[in-house]
1. Among L282, L46, what is the fewest-to-most ranking by other Cβ atoms within 10 Å?
2. With 28 Å as the limit, write out which pairs from K53/K109; K2/K63; K95/K129 have Cα-Cα distances beyond it, or answer none.
3. Please identify every one of the trypsin sites (Lys or Arg not before Pro) in the stretch 15-104 that sits in a loop by DSSP and has no more than 11 other beta carbons within 10 Å of its own beta carbon.
4. Does the chain come out rounded, prolate or oblate by the C-alpha gyration tensor, with a ≥ b ≥ c the root eigenvalues, rounded set by a/c under 1.5 and, if not, prolate when a/b is larger than b/c and oblate if not?
5. Once you've got the GNM for the chain with C-alpha springs shorter than 10 Å, pick whichever of I166, I100, I77 has the biggest mean-square fluctuation.
6. Of the candidates L106, L258, L175, which one comes out as most mobile in a Gaussian network treatment of the chain with C-alpha springs shorter than 10 Å?
7. Amide H of T257: which non-local residues (sequence gap of 5 or more, or other chain) have their own amide H closer than 5 Å, using H built in the peptide plane?
8. Restricting to DSSP H runs of at least four residues, report the calculated mean residue ellipticity at 222 nm for the chain, -39500 (n - 2.57) per run over all residues, nearest 500 deg cm²/dmol.
Amino acid sequence: MKIGIGFTYNFENPSKNSEMLFKLREVGFDAIDFDMVSTETDFYKLNKEELNKLLDIIKSEIKAAGLFVSQVHGPWIWPPKRDASVEGRLERMEKMKKSIEICSLLGSKYWVVHPVMPFGCDNVPPETKEETYKINKEFFTELTKFAESKKVVIAYENMPFSTFPISAPDKILSLIKLIDSDYFKMCFDTGHANLVMNGSLYDNIKKIGKELKVLHVHDNNGKGDYHKFPYDGIIDWQEFMKALKEINYEGVFSLETLFKNTFGTKEYDEELKYLYATAKKLTE
């Protein structure tokens, strides 16, 4: 199984990008989860000509390092206030389509996205459940048609919010079945599932089965979304890997972990090596 890790493009110091990519490959990583979360970056502001020039540079740097883009993480704003209005959702749709187009240009098949949260993510009134599903179904049905035109699969991610009605993996699965498209599948986030999940990790993966295309791998203590390294929390990783093998998961084992140290330091290099070694042992 290929091993990937999150990568955020450095606009402030572009020369660092190539250095970082080569470091990831040197350690052993195969792929990157390309971060397009912030809509305040040049990815969303440049005109078409300028954007294509930037993407050509990025693609050449990734290729030179011997890596590939396994997935792209689409836009997300915290808190998700703009989801509450029709105008806000239209703006989000525009940004998402731009992100999907870039995903296609980067040569990635999968694009990860969070649900639309029209009534917020915390302390969500239970009576809004039906409307939340309705808005998400309509929004992502339209977006899926656009993604299909770009040959990109939307990977809808499970959330860590206990009162948001489309958080748990089985709730995500129900929406995937409603939309019923080869271009709308699932990103399984292990840390989020550890906080909001019905049943065991093993049972959830088995139930999702062929709908699972993308992973966000990280650990926590069951109380907060801390994005720790595997084995630094309470997730049963043997159970998780057993389930992946039984459903014949063919995607990348993509890590979404936080580091204690800064890139360029000896301590960071040691953390990175340790993280890769842990992932390699899990995927053998």
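Every number in this text was worked out from the coordinates using simple rules, so none of it is lab data. None of these values were measured; they are calculated from a predicted model. Glycine also receives a Cβ, built like all others from the backbone with ideal geometry; neighbour counts cover every protein chain displayed.
1. L46, L282
2. none
3. Hits after loop and neighbour filter: K45.
4. Oblate.
5. I77
6. Of the options given, L258 has the highest mean-square fluctuation.
7. Those qualifying (amide H under 5 Å, at least 5 residues apart or on another chain) are G6.
8. The helix-only estimate for the chain comes to -14000 deg cm²/dmol at 222 nm.
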